[in-house]
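Chemist: One structure, as C-alpha cells, below. Some questions next.
Derivation of every value follows stated rules applied to the coordinates shown; laboratory data play no part. Every value quoted in this text rests on a predicted model; they were computed, and no experiment measured them. Counting neighbours? That spans all protein chains shown, and the Cβs are built from the backbone with ideal geometry, glycine included.
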Amino acid sequence: MFKNLLLIILIIINSILVSLFQQDSIDMLSLHIIVASFTTIISLLYLITRVSKSTMYIALISLIVAAYHIYLIVMTVYNNVYAS
C-alpha cells in the first residue's frame with residue numbers, strides 16, 4: 001500500500017512540475033532534475049523487485065511520466081544553452 005501511495009504521489013509531483021515547465025525556462029532546474037531522477041530510480045526499483053501487479057503498473061506509469069519529464073528537461077536545457 002505504501003509503495004502505491006508513494007508512486008502516485010511521485011506521479012502527481014512530476015505532472016505538476018511538467019505543467020510548470022512548459023514556459024521554456026530553467027527556473028528551479030535542480031528541483032526538476034532531483035524529482036525526475038528520484039522517480040526514475042524508485043520506479044525502476046519497484047519494477048525489478050517482486051511486487052504486486054498493481055504496483056508494477058503504477059511503477060510503469062510513473063516511469064513513463066518521469067521519462068517525459070527528463071525529456072522536457074533535456075530539451076529546455078538544450079534550447080537555452082545551444083539554441084539561444
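Chemist: Any idea what angle helix 2-20 forms with the longest principal axis of the chain, computed on alpha-carbon atoms, 0 to 90 degrees, nearest 10?
Modeler: 20 degrees
Chemist: Expressed as an acute angle from 0 to 90° and rounded to the nearest 10, what is the orientation of the C-alpha long axis of helix 53-78 relative to the principal long axis of the chain?
Modeler: Helix 53-78 and the main axis of the chain meet at about 10 degrees.
Chemist: To continue, here is another question. Sort 56, 28 by Cβ crowding within 10 Å, fewest neighbours at the top.
Modeler: 28, 56
Chemist: Sort 38, 2 so that the residue with the fewest other Cβ atoms within 10 Å of its own Cβ comes first and the one with the most comes last.
Modeler: Numbers: 38 14, 2 7.
The most exposed by this proxy come first: 2, 38.
Chemist: Ok, one more. Which translational diffusion coefficient, to the nearest whole µm²/s, is obtained for the chain from the Stokes-Einstein equation, given a Kirkwood hydrodynamic radius over C-alpha pairs, 4 °C and 1.567 mPa s?
Modeler: On the way: Rh = 13.2 Å.
For these conditions, the coefficient is 98 µm²/s.
Chemist: As an exercise, identify the trypsin sites (Lys or Arg not before Pro) in region 1-66 lying in DSSP coil whose Cβ has no more than 10 other Cβ atoms within 10 Å. Intermediate results must be reported in sequence, preceding the final value.
Modeler: Values: sites: 3, 50, 53; in loops: 50.
Filter output for region 1-66: 50.
Chemist: Restricting to DSSP H runs of at least four residues, report the calculated mean residue ellipticity at 222 nm for the chain, -39500 (n - 2.57) per run over all residues, nearest 500 deg cm²/dmol.
Modeler: Values: 3 runs with 65 residues, N = 84.
Roughly -27000 deg cm²/dmol at 222 nm, from the helical runs in the chain.
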